[in-house]
1. Which condition number in (1) more than 30 Å from Ala77 (Cα to Cα); (2) of a type in the set (Asp, Glu); (3) touching a residue at least 12 places away in the same chain (Cβ under 8 Å) is the one that Asp14 fails?
2. Based on what the data block shows, is Glu76 in contact with a Gly (Cβ under 8 Å, 6 or more places away or on another chain), modelled with pLDDT under 95 and loosely packed, with under 12 Cβ neighbours inside 10 Å?
3. Output the residues belonging to segment 1-18 that are in a helix (DSSP H, G or I) and either modelled with pLDDT of 95 or more or among the basic types (Lys, Arg) (or both).
4. Tell me which residues, restricted to segment 30-77, are of a type in the set (Ser, Thr, Tyr) and more than 26 Å from Val13 (Cβ to Cβ).
Amino acid sequence: MPARVERTDPDGVDYGRVMQLTFVVTIIAGAPLVAGLSLVVALPTWTDRVLFAVRVGAVVWIVTALSIFAYERRREA
């Protein structure tokens, strides 16, 4: 018999949910955004391409994470 899955009821913001949503939304929104923005920027080498993706991806990730956290915080209040 498999082990029973426990449930939790966190006080305040559920940070696990915030992290999961941040991951999913960043992939869904970030990949097309990076691809679209890369069309208007000259990226002659692989190093330039990687650095561009990391820079834009970092901005997308932080904006997404803060937005989802703020949403979850308001939802809990």
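1. (1)
2. When the stated conditions are applied, Glu76 passes them.
3. Across segment 1-18, the qualifying residue is only Arg17.
4. Within segment 30-77, Ser38, Thr45, Thr47 qualify.
Quick grid of which residues meet (1) assigned to a helix (DSSP H, G or I); (2) exposed (fewer than 13 other Cβ atoms within 10 Å of the Cβ); (3) without any contact (Cβ under 8 Å) to a residue 24 or more places away in the chain; (4) over 13 Å from the mean Cα position of the chain (by Cα):
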position: Thr22; (1), (2), (3), (4): yes, no, no, no
position: Gly30; (1), (2), (3), (4): yes, no, no, no
position: Ala35; (1), (2), (3), (4): yes, yes, yes, yes
position: Arg49; (1), (2), (3), (4): yes, no, yes, yes
position: Gly57; (1), (2), (3), (4): yes, no, no, no
position: Thr64; (1), (2), (3), (4): yes, no, no, no
position: Ala70; (1), (2), (3), (4): yes, yes, yes, yes
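The values are calculated or read from the model by the stated rules, or taken from the named source; none is laboratory data. All values derive from a computational prediction rather than experimental measurement. As a convention, Cβ positions derive from the backbone with ideal geometry for all residues, glycine included, and neighbour counts pool all protein chains shown.
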